Amino acid sequence: MKKKSLRNFARGIVETLHEETPAQVETAMKDVISFMKERGLLSRWRELEKELHTAWKEKFGVSKVTVVSTHPMMQKTYKILEELAPGAEMIERIDDRLMGGAIIRMDDRRIDGSILGSLQRLKNTLLDS
């Protein structure tokens, strides 16, 4: 399977499964793995995974959101993020070192609203002066 074919395959998967339930997606992905195994393509799984993220990002703008904060997200915040990035993989981590605030990563974009990040930027500014 050529790279372009793999890209089109990923786009087809996203187009077909984007409105399905998690159980239906899991079943379909098992079928995809079986298909790849039958054709000796399992060595290209990572490539397909990258193409799936790219296809999702093309369709919806964001494929993965990671939130690192000192406390668990409130349900309201979680819903807002889901609206901003529909269907994106949501990952939440707790890190007490941040002291407060949060760091939000949406694919390649990073927004640091943590106290630790602010203190580090202040330190860098003072040292550069």
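The values are calculated or read from the model by the stated rules, or taken from the named source; none is laboratory data. Since we're looking at a predicted model, the values are computed, not measured. Because the Cβ atoms are built from the backbone with ideal geometry, glycine has one as well, and the counts that use them run over all protein chains shown.
Observations on the model:
- Contact map, the stretch 7-29: first residue basic (Lys, Arg), second residue in a helix (DSSP H, G or I) and surrounded by 12 or more Cβ atoms within 10 Å (Cβ to Cβ), Cβ cut-off under 6 Å, separation 6 or more or different chains; pairs are Arg7/Glu51; Arg11/Ala55.
- Every listed requirement among (1) touching a helix residue (DSSP H, G or I) at 6+ places or on another chain (Cβ under 7 Å); (2) surrounded by 13 or more Cβ atoms within 10 Å (Cβ to Cβ) is met by Arg97 save one, (2).
- Top-ranked residue in the stretch 12-28 [being assigned to a helix (DSSP H, G or I) and out of contact with any helix residue (DSSP H, G or I) (no Cβ under 8 Å at 6 or more places or on another chain); ranked as nearest to Gly87 (Cα to Cα)]: Pro22
- Remark: Met74 falls outside the filter, which requires a residue to be in contact with a helix residue (DSSP H, G or I) (Cβ under 6 Å, 6 or more places away or on another chain), surrounded by fewer than 16 Cβ atoms within 10 Å (Cβ to Cβ) and in the same structural domain as Arg121 (by TED's automatic domain parsing).
- Among the candidates Ile80, Ile91, residue that is at pLDDT 90 or above and touching a Ser or Thr at 6+ places or on another chain (Cβ under 9 Å): Ile91
- Residue ID - farthest from Leu42 (Cα to Cα), chosen from residues in the stretch 1-25 that are surrounded by 10 or more Cβ atoms within 10 Å (Cβ to Cβ) and of a type in the set (A, V, I, L, M, F, W, C): Leu17
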